Amino acid sequence: MATSVISSQSVILPAVDLSAIQNLLNLVIEKDASDLHIATGYPPFIRIDGILCSIGDKPLTAEQSRQLVFQTMNDSNVKKIEKEYETDYGFSLGNIARFRVNAFYERGNIAGAFRLIPTKIRTLEELDMPKNMSYLADLTQGFVLLTGPTGSGKTTTLAAIIEKINQTQNRHIITIEDPIEYIYTAKKSFISQREIDHDTKDWMSALKSALRQDPEVVLIGEMRDYETISAALTIAETGHLVFATLHTNSASQTVDRIIDVFPPHQQNQIRVQLANVLQAVVSQKLLNLRSGGRKAAVEILIANSAVRNLIREGKSYQIDNVIATSLEMGMLTLEQSLVNMVRRGIITVEEAQSYSLRPEDILKLLKLNKTF
């Protein structure tokens, strides 16, 4: 955590008893925050609507930081951080909430970043997502990607889609995560949730065995390298529906990122594979609203014949034009999504431009008497 970031946006909340991590995590829930940060030399910080707020003004000692983080660890987590200097895991605060935790060494001391995972899975309607996104839950095969920067709500959106399948269809869903985030309860679907280092050795082992576990739907928590991307494409090619997340800023960047992770001699083959199986890319950014709270602005790419041809021909730079001119097919540019939010009065024009990759398009679209 850089000092400049903390000092420039800090808001000080009343201090709480720091003897137990539960006190801090309860405050995260109470304040509807998204994250808790613990590090030596700083007071604890929580993130509310994107803003870091310090809890009191008393810096934590190295021993306090270590004790607070270690209260959430089991023996396996302790051994891993001592061996590898960092570890990811999930921590449940009773039946109240669940947290995704990254514990790590920082300047030789233990630190931790805690992300709140609500126990209730919100629906696409509750997330105020475009109505046509619900069709993603009705697909029977292919590759669907949820993309965006860290903290953009990808996991929450993906959970809403998976939960819609769970509530409406009889399918076997396998999730492979590091760590498990949202917990699904059985409804119409049968759901197997597997956690790296706990239920399976690694990503490749889990992906290789997935096809022998009779799934219809496979969720891959994050595609990290060409091996996991290649395995995901193979699973989609065999007639399964695959959902995955990726850290990219747009649909066209997503296509390039997938292809570029492969060696040059494999890239033509990957273009063909991706063109054949891709169903949709949803790229999103999380914005602070004028009235408080946060909402995702989304870009939606649907892989029609034009998009598939562009991928095969290596012309992903033209995908943005296809999205912009295919509103009637359910596609949506980020700029169109931002303009909708401006017209609803929930963000300002300036805010829309600051989040856009093409700020000049915001003003052009606002001059049109059209709702996307």
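For the chain, modelled as a GNM whose springs connect Cα atoms under 10 angstrom apart, the maximal fluctuation among SER34, SER205, SER230 occurs at SER205.
For segment 61-200, the percent of C-alpha pairs falling in each 5 Å distance bin, counted from 0 to the bin holding the largest distance, reads 2, 9, 16, 20, 18, 13, 9, 7, 5, 2, 0. Take the chain, connect every pair of alpha-carbon atoms lying under 10 Å apart with a spring to form a Gaussian network, then pick out the residue of HIS172, HIS247, HIS198 with the largest mean-square fluctuation. Most flexible of the set in this elastic network: HIS198. Can you tell which of GLU237, GLU222, GLU313 shows the greatest fluctuation in a Gaussian network model of the chain with Cα springs below 10 Å? Residue with maximal mean-square fluctuation among GLU237, GLU222, GLU313: GLU313. Taking a point 7 Å out from the Cα of ASN23 in the direction of its Cβ, the residues of segment 51-65 whose backbone N falls within less than 17 Å of it are 54-65.
Rounded to the nearest 10 degrees, what's the angle between the helix 334-343 long axis and the longest principal axis of the chain, both from Cα atoms, 0 to 90? Roughly 70 degrees between the two axes.
Could you tell me what % of all Cα pairs in the chain have separations over 33 Å? Please report the intermediate quantities before stating the final value.
On the way: 23872 of 69006 pairs.
Counting every Cα pair in the chain, those more than 33 Å apart make up 35 percent.
Label point of THR234 set 7 angstrom out along Cα-Cβ; within segment 161-185, no amide nitrogen lies under 15 Å from it. Compute the Cα gyration tensor for segment 3-117, then decide on rounded, prolate or oblate, letting a ≥ b ≥ c be the square roots of its eigenvalues: rounded whenever a/c is under 1.5, prolate when a/b is larger than b/c in the other cases, and oblate in all that remain. Since a/c reaches 1.5 but b/c is at least a/b, the shape of segment 3-117 is classed as oblate. Given a cut-off of 30 Å, name the pairs among LYS31/LYS285; LYS79/LYS188; LYS79/LYS120; LYS154/LYS364; LYS31/LYS367; LYS31/LYS188 whose C-alpha atoms lie farther apart than that in the structure shown. Exceeds cut-off: LYS79/LYS188; LYS79/LYS120; LYS31/LYS367; LYS31/LYS188.
Between helix 75-84 and the chain there is an angle of about 80 degrees, using the helix long axis and the longest principal axis of the Cα atoms.
In the calculated pair-distance distribution of segment 238-372, the portion above 26 angstrom amounts to 28 percent of the Cα-Cα pairs.
ASP75 to LEU327: extension gain in nm, 0.36 nm per residue of separation minus the Cα-Cα distance? Mind dumping the intermediate values first?
Numbers: separation 252, 0.36 × 252 = 90.72 nm, distance 5.22 nm.
85.5 nm is the gain from fully extending ASP75 to LEU327.
Here the chain is assigned +1 on the Cβ of each Lys and Arg and -1 on the Cβ of each Asp and Glu. Its dipole about the Cα centre then comes out at about 680 debye. Over the residues of the chain, the helix contribution to mean residue ellipticity at 222 nm works out to -10000 deg cm²/dmol, using -39500 (n - 2.57) for each DSSP H run of at least 4.
For GluC sites (Glu not before Pro), the sites in segment 33-137 that DSSP calls loop and that have at most 15 other Cβ atoms within 10 Å are GLU125, GLU126. Spatial offset of segment 61-80 relative to segment 314-364 amounts to 44 Å, using the alpha carbon center of each. Beta bridges from DSSP with both residues in the chain: antiparallel share about 55 percent, rounded to the nearest 5.
Report the FRET efficiency, 1/(1 + (r/R0)^6), for ARG344 and THR119, where r is their Cβ-Cβ distance and R0 is 25 Å, rounded to 0.05. Mind showing how you got there, number by number?
On the way: r = 29 Å, r/R0 = 1.17.
The formula returns an efficiency of 0.30 here.
Using a simple spin-label model with pseudo-atoms 7 Å out from Cα toward Cβ, ASP57 and ARG312 lie 6.6 nm apart.
Give the calculated FRET efficiency between PHE262 and THR185 to the nearest 0.05, with a Förster radius of 41 Å applied to their Cβ-Cβ distance. Let's see the in-between values first.
On the way: r = 38 Å, r/R0 = 0.93.
The value I calculate is 0.60.
Using bins of 5 Å that start at zero, the share of Cα-Cα pairs per bin across segment 131-332 amounts to 1, 7, 16, 20, 21, 17, 10, 5, 2, 0, 0, in whole %.
The numbers here are math on the coordinates, done by the rules we state, and not lab data. On a predicted model such as this, the values are computed, not experimentally measured, just so you know. Positions of Cβ are generated from backbone atoms using ideal geometry, with glycine treated the same way; all protein chains shown enter the neighbour counts.
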